[in-house]
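Novice: This is the structure I want to talk about, given as structure tokens.
The values are calculated or read from the model by the stated rules, or taken from the named source; none is laboratory data. What you are looking at is a predicted structure, and each value in this text was computed from that prediction instead of being measured. Heads up: the accessible areas ignore ligands, DNA and RNA and are worked out on the full protein's heavy atoms, side chains in. Shrake-Rupley method; radii C 1.70, N 1.55, O 1.52, S 1.80 Å.
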Amino acid sequence: MKRPADCESMADIRAAIDDLDHQVMVLLAQRFEYVKAAAPFKTDAAGVKAPERLQAMLHQRRLWATELGLDPDVIERLYRDLVEYFIAEELRHWQAENR
């Protein structure tokens, strides 16, 4: 993958963006595996939702976003959506294992 400054065309830029997006997806899938692995460690549905952990995590992501020159509000929204999905899936896995 070419560095941004080395791109010679929109095709180069699009190929690099596609490659990065694929890498992000691979990492999200890996994150999801950890989410599912966490389900057996939770004792109840409240533990799955863990609102205090969510708030701490979002705070840290906002700090990272700011450090990286990204809009922390946008990053927080992105992570809220992502984590809502992962929490729903983790809850589904937790419920299946605790029936």
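Novice: Counting only protein heavy atoms, what percent of the accessible surface of the chain is carbon or sulfur at a 1.4 Å probe?
Specialist: Carbon-and-sulfur percentage of accessible area, whole number: 59.
Novice: For the chain, what is the calculated [θ] at 222 nm in deg cm²/dmol (nearest 500), taking -39500 (n - 2.57) for each run of four or more DSSP H residues and dividing by its residue count?
Specialist: That comes out to -26500 deg cm²/dmol.
Novice: If you take the alpha carbon radius of gyration of the range 1-73 and divide it by 2.2 N^0.38 Å, what ratio comes out, to two decimals?
Specialist: Scaled against compact globular proteins, the figure is 1.57.
Novice: Need one value: the accessible area of ILE87 in square angstrom, 1.4 angstrom probe, rounded to the nearest 10.
Specialist: Here the residue's solvent-accessible area equals roughly 40 Å².
Novice: Next question. So if I take the centroid of the Cα atoms in the range 61-75 and the same for the range 20-42, what is the distance between those two points in Å?
Specialist: The distance from the Cα centre of the range 61-75 to that of the range 20-42 comes to 21 Å.
Novice: Right, here's the next one. Find the relative contact order for the chain and round it to a whole percent, using C-alpha pairs within less than 8 Å whose residues are 6+ positions apart.
Specialist: The value is 31 percent.
Novice: Now, a different point. Would you mind working out the accessible area per residue for the range 3-99, using a 1.4 Å probe, and quoting it in Å²?
Specialist: Solvent-accessible surface per residue comes out at 74 Å².
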